[in-house]
Amino acid sequence: MFKSSAKKAERLQLNSNLTFIGCGCKITGDIHCEGNLRIDGSITGNVTVLGDVDISADGIVIGDVLAAKNVIVHGRVKAKIEAQGLLRIHKNSVVEGDVSSISLDIENGARFVGHSNTGAAPTELTETETPQL
C-alpha cells in the first residue's frame, strides 16, 4: 500500500525538474532553465539549459546558441549547438549551425548543415606554457 504511493511520489519528483513547451506554443526571447527542457512548440531566441534538451518532431529552435548538457533533436534547430555531452540528431530532423559536443550521433536521413567539433575540449595554452623559441 505504501510502496505504490512512494513510487508515485518519486516519479513526480523526478518529473518536477522538467519544463515543457507545448505544441502550438511560440516563445520569443531567451530561455534559461535549471532542469530539463522538452520543446514541442517553437522558440526564437537563445536557449541555455543546465540539464538535457529534447526537441520533438514538431519542435523548432531558432537563435544564436542552444546550450545544454545533452541535446536530442527530432525537429528543427537553426542555431549553434553546444552540448557538454551527447548531441543526437535523429532522422528527418534538420540542424543548421555549428555544433560542439563530446559525442555526436547523426542518424541516416537527418540533415546537418554546419561544422562539428567533437571529443574532448581543446586545452588552451597559458602564458607560462607558451613555448620559448
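Taking amide H atoms as placed 1.01 Å from N in the peptide plane, the amide H of VAL77 lies under 5 Å from those of VAL61, VAL94, VAL95, GLU96, each 5 or more residues away in sequence or on another chain. For the range 22-108, the relative contact order comes to 20 percent (Cα pairs under 8 Å, sequence separation of at least 6).
ARG88: net charge of surrounding residues, Cβ under 13 Å, Lys/Arg +1, Asp/Glu -1, itself excluded? Working shown, then result.
Numbers: positive: LYS69, LYS91; negative: ASP52, ASP54, ASP105, GLU107.
Every neighbour counted, the sum reads -2.
Taking a sphere under 10 Å around the Cβ of ILE43 and counting the other residues whose Cβ falls inside, with K and R at +1 and D and E at -1, yields a net charge of 0.
If you average 1/r over all unlike Cα pairs in the range 22-108 and invert the result, what Kirkwood radius do you get in angstrom? Answer for the range 22-108: a Kirkwood hydrodynamic radius of 12.3 Å.
Laboratory data are not the source of any read-out in this text; all were calculated from the coordinates shown. This is a predicted model, so every value here is computed, not measured. Every residue, glycine among them, receives a Cβ derived from its backbone with ideal geometry; neighbour counts consider all protein chains shown.
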